[in-house]
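The structure appears right after this line, and notes come after that.
FYI, it's all coordinate maths here, none of it is from the lab. Treat the numbers as computed from the prediction; the structure is a model and nothing was measured. Cβ atoms come from the backbone with ideal geometry, glycine included; neighbour counts cover every protein chain shown.
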Amino acid sequence: MKFNKYIVVIFSIFSLYSCKNSEKNDATLKEETVVAEETGIVLSKQQFKQNNMKMEPLTGRPFSKVIQATGTIDVPPENKAIVNATMGGYIKTAPLLVGDKVRKGQVLVTLENPDFVTLQQEYVEVKEQLTYLKSEFDRQKILFEENITSQKKYLKSESDYKTTKAKYSGYKKQLQMLNISTQNAESGNFTSVARIYAPISGSITKVNISIGTFVSPAMAIMEIINNDHLHLELSVFEKDILKLKKGQEIDFKIPEASDEVFKAEVHLIGTSIDENRTIKVHGHLNEESQQHFLVGMFIEAKIITDKVNQKSLPTDAIVDLDGKYYALKMIKSDDDNYHFDQVKVEIGDSYSGFTEIKNTADFSEEDEFLTKGAFSLISE
């Protein structure tokens, strides 16, 4: 890098100060100069201090070998429920909204259908028939054993009894699935309304109905998700599969919401490759209870497969000029100034705000670099 001998770089610093007299409370522009010589850049120690600049040597830091992956926040299948109706009906009440929290067994909606009354009526009729048919079957059995009646009559009574008993069990099960009391039906208290209860505790994430909507058994009425146990569902390309191991650390972030990096670890690795040549990786979150993630959030993740100690500088200390990278190395210090030389560096991986320096042989352990404030001083 060549420097003209008498180039003057104007370096401006804005400072605010307050005075006792409020009328004099304004900003002033303070100008100082940084002189570029053939040997490098001269920076006054006063200016260095005022601008909170920093210097440090090449330092060994752990750099992670990572696999890039994308995915979403998800929950296990048992923590997600789609609510359906056992039989069709019209929505009579629907008091809940998206975001409401519900507990397992809580009433979600009620359905109304005249067919519910017919089902209870048939249940009671079959139950009454069953009492008579059971008595007749027992009588025919005794007569048959004493050779008083024919086998045909005995088998007919047995068939009628067992057929009716099956109908009774079927009607009773249907009423139980509709959450209609069989005891009330047996006492003659029929109802046209059936209640649908929450199968799990959680939060309502979808509501697909309103009062008066007719729902069939195939229709999803609402969705409930329990966020007590969230996990990562990642997709990893085929070329990286052999590097994966259970227990590896995962750094991930939610790019649409924050730059904060969160931690997780590999818990399960899929055993088959998808059509897009990726494999599913299931990750468990660290400190899960302290986060407020939502199911379906898109994530960018780095799966850490190895860690290697490398000499590095803060990424902010390195400037890219047309594809070549430079840093400012201090070459000497006198009473008033620091003298820097603009040196070329070969970079490697970047991780956690630091960048690996590959040409470490060009520098000594005593060399110090300007790690804060270098960007505005490096030029072509």
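Under 5 Å between amide hydrogens, built in the peptide plane, is the criterion, and for residue 41 it picks out 340, 341, 342 among residues at least 5 positions away or on other chains. Shown here: region 266-380, whose C-alpha atoms stretch 63, 33, 27 Å along the first, second and third principal axes, sorted largest to smallest. Amide H to amide H distances under 5 Å link residue 63 with 308, 309, 310, where only residues 5 or more positions off or on other chains count and H is placed in the peptide plane.
What the phi angles of region 110-118 give under the Karplus curve with 6.51, -1.76 and 1.60, with θ = phi - 60°, is a coupling list of 10, 10, 10, 7, x, 4, 5, 5, 4 Hz, glycine and proline written as x.
Loop only by DSSP, 10 or fewer other Cβ within 10 Å of the Cβ. Give me the GluC sites (Glu not before Pro) in region 326-375 that pass, ordered by residue number.
Values: sites: 346, 356, 365, 366, 368; in loops: 346, 365, 366.
Taking region 326-375 and a limit of 10 other Cβ atoms within 10 Å, the loop GluC sites (Glu not before Pro) found are 365, 366.
Between 96, 294, 155, the Gaussian network model of the chain with springs among Cα atoms under 10 angstrom shows the greatest mean-square fluctuation at 155. Applying both filters, DSSP loop and at most 13 other Cβ atoms within 10 Å, to the trypsin sites (Lys or Arg not before Pro) of region 154-247 gives 245, 246. Residues in region 200-208 carry Karplus couplings, in order, of 9, 8, x, 10, 6, 10, 9, 10, 10 Hz; the curve used is 6.51 cos²θ - 1.76 cosθ + 1.60 with θ = phi - 60°, and Gly or Pro positions show x. Placing unit charges on the Cβ atoms only, positive for Lys and Arg and negative for Asp and Glu, gives the chain a dipole magnitude near 1900 debye about its Cα centre. Among the GluC sites (Glu not before Pro) in region 78-187, those located in a DSSP loop and surrounded by at most 14 other Cβ atoms within 10 Å of their own Cβ are 146.
Hull volume per residue, based on the alpha-carbon atoms of region 65-137 and their convex hull, is 219 Å³.
Placing +1 on the Cβ of every Lys and Arg and -1 on the Cβ of every Asp and Glu, with nothing else charged, gives region 85-223 a dipole about its Cα centre of roughly 320 debye.
Prolate is the label for the chain, because the ratio a/c of its alpha-carbon gyration tensor axes (a ≥ b ≥ c) is 1.5 or higher and a/b is greater than b/c. When each of the peptides 322-331, 255-264 is scored by the mean number of other C-beta atoms lying within 10 Å of its residues, the order from highest to lowest reads 322-331, 255-264.
Near the amide H of residue 229, within less than 5 Å, lie no amide hydrogens of residues on another chain or at least 5 residues away, with H placed in the peptide plane.
For region 358-366, 3J(HN,Hα) computed residue by residue from phi via the Karplus equation (6.51, -1.76, 1.60; θ = phi - 60°) reads 8, 8, 5, 5, 7, 10, 9, 5, 7 Hz, glycine and proline entered as x.
Put simply, the Cα atoms of region 85-223 extend 71, 26, 25 Å along their principal axes, the longest span coming first.
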